[in-house]
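See below for the structure under consideration.
The values are calculated or read from the model by the stated rules, or taken from the named source; none is laboratory data. Not measured: the values here are computed from a predicted model. Quick reminder, even Gly has a Cβ in these numbers, built from the backbone with ideal geometry, and neighbours come from all protein chains shown. Areas reflect the complete protein model, heavy atoms only, side chains present, ligands, DNA and RNA absent. Shrake-Rupley method; radii C 1.70, N 1.55, O 1.52, S 1.80 Å.
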Amino acid sequence: MAELATLARPYAKAVFDLAKSEQALDRWSRMLAIITQVAGEEKVRQLLDAPNLSAEQKAERLIELCGEALSDRAKALIHLLARNKRLNALGEIQEQFEARKAEAERVLEVEVISAYELSEAQSNALREALQRKFEREISLTGRTDPHLMGGAIIRAGDTVIDGTVRGRLDKLAEAMQRT
């Protein structure tokens, strides 16, 4: 939702700037993940949407559910979001924060979907090739899809590289139809 992304942007930027100035990007990343996970639970969402609770009560309940994992500044963020009726933007704030963090750390999250699990040597070779291509540090995660005949799909940010057997066959068929 573009509107939610727009609403979340100043909060994500402010949290990122604060975390960077405190040299606490990883800590804020963990806290935002916890807050977002807790707020995303069905019963908690119902609580946060309850019209009979004040913004202060919603903030206090969410903070209580997050336990000891939050700093005073993270608690202040929750209070601010509750007062401004922006608790529904938590997920988007976390996503934008993580994108800014990855950019600052020059780390690109890459997902590899393959027919079979990659060996350590294959993962390392792929990581090195992607680092040369994107000129960034690569954080590689992989999963298997038994529906693939062979090859892999690589998702790196907005880039998708389809190196599957099915993808290559489709390209070949398309090329043959053009001639």
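Results, tabulated for the structure shown:
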| item | result |
| --- | --- |
| Selected from 73, 100, 136 as most flexible by GNM, with the chain as the system and alpha-carbon contacts under 10 Å | 73 |
| Residue 173 versus residue 99: modelled label distance in nm, points set 7 Å from Cα along the beta carbon direction | 3.5 |
| 5 angstrom amide H check on residue 142, placed H, neighbours 5+ away | 112 |
| Debye intensity ratio in log₁₀ form over the Cα atoms of the chain, taken at each q of 0.10 Å⁻¹ | -0.56 |
| Inter-probe distance in nm under a simple model that places probes 7 Å from Cα toward Cβ, at residue 21 and residue 161 | 4.0 |
| Solvent-accessible area per residue, Å², over region 1-42 with all protein chains present [probe radius 1.4 Å] | 59 |
| Partners for residue 20 among lysines (Cα-Cα distance below 19 Å; same-chain residues under 8 apart left out) | 75, 101 |
| Share of carbon and sulfur in the accessible heavy-atom surface of the chain [1.4 Å probe, %] | 50 |
